[in-house]
Amino acid sequence: MINGLNLPATVRARSADVVIRRATSDDLDAIVLLLSDDPISAGRGDLARDEDRGAYADALERIVANPANELLVAVDETGQVVATLQLTLIPGMARRGSTRLLVEAVRVASTERSSGIGTALMRWVMDAAAVELGASLVQLTSDAARVDAHRFYRRLGFADSHVGFKYAVPSATTSAR
């Protein structure tokens, strides 16, 4: 849990309010469903399978226990999880000792896409969370295949300023720490 982040927070999507709050173990299945509902994530193996539940539960526990991380969910007026994202606060030496706020795994339920929930969440991150946490930069990465997401982030004011690289460790498993 990142200290200084005022939660829960209510944000206004186009036609309804959603509440952003910290994820709990009760949200695990809903978060995994959001991941598996995304074709790119599903293609990487993020599937809502019983045999993978333990790996996801371990990951949730590690994220919640790490004071530099927040796993958040957005819930609608019925209490249903409609979106999720992860925040990581990164103190750094570059940019004169700036602190960066990394946004990861942004997912909105397919039934709620184009409803304004994603925009409301990201504006909250940019306008409230970053300020509350003392971050001078909000950054994220997005898979090269996510052309629609790239347009979305540019519309919010993000600049595609860097080229990212990844290395898949051959011996790592899905449950590896």
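Any read-out appearing in this document is the output of simple, stated calculations on the displayed coordinates, not a laboratory observation. Note that this is a predicted model, so its numbers are computed, not measured. All Cβ positions, even for glycine, are placed from backbone atoms using ideal geometry, and neighbour counts span all protein chains on display.
Sequence-ordered 3J(HN,Hα) estimates for region 133-138 from the Karplus curve with 6.51, -1.76 and 1.60 and θ = phi - 60° stand at 9, x, 7, 9, 8, 9 Hz, glycine and proline given as x. Once you order the gyration tensor axes a ≥ b ≥ c over the Cα atoms, which shape class does the chain get: rounded for a/c under 1.5, otherwise prolate or oblate by comparing a/b with b/c? Because its axes are fairly even, with a/c under 1.5, the chain counts as rounded. Remark: the Val64-Thr24 segment gains 13.6 nm on full extension, using 0.36 nm per residue and subtracting the alpha carbon distance. Cβ-Cβ distance of Leu33 and Val163, R₀ of 22 Å, FRET efficiency by 1/(1 + (r/R0)^6): the value works out to about 0.10. Taken along the Cα-to-beta-carbon direction at a fixed 7 Å, the label points for Asn3 and Asp52 span 3.6 nm. Note on region 9-155: with charges restricted to the Cβ of Lys and Arg (+1) and Asp and Glu (-1), its dipole about the Cα centre is near 920 debye.
Coupling constants for region 100-113 follow from the phi torsions by the Karplus curve (6.51 cos²θ - 1.76 cosθ + 1.60, θ = phi - 60°), and in residue order they are 10, 10, 8, 10, 10, 6, 6, 9, 10, 3, 4, 6, 10, 5 Hz; glycine and proline get x. With the Cα gyration tensor of region 82-149 giving a ≥ b ≥ c as the square roots of its eigenvalues, does the rule (a/c under 1.5 for rounded; else a/b larger than b/c for prolate; else oblate) give rounded, prolate or oblate? Prolate, since a/c reaches 1.5 and a/b exceeds b/c.
Only one residue of Val106, Ile63, Thr24 has its Cα farthest out toward the positive end of the dipole of region 9-155, where Lys and Arg carry +1 and Asp and Glu -1 on Cβ, and that residue is Val106.
What does the helix-only formula give at 222 nm for the chain: each DSSP H stretch with n ≥ 4 adding -39500 (n - 2.57), the total divided by the residues, and the result rounded to the nearest 500 deg cm²/dmol?
On the way: 7 runs with 52 residues, N = 177.
After summing the helix terms and dividing by the residues of the chain, the value is -7500 deg cm²/dmol.
In vacuum, with every alpha carbon of region 1-52 counted as one equal point scatterer, what does the Debye formula give for log10 I(q)/I(0) at q = 0.18 Å⁻¹? Two decimals, please. Relative scattering, expressed as log10 I(q)/I(0), comes to -0.80.
Placing unit charges on each Cβ (+1 for Lys and Arg, -1 for Asp and Glu) gives region 9-155 a dipole about its Cα centre, and among Val11, Ser136, Gly54 the Cα reaching farthest toward its positive end belongs to Ser136.
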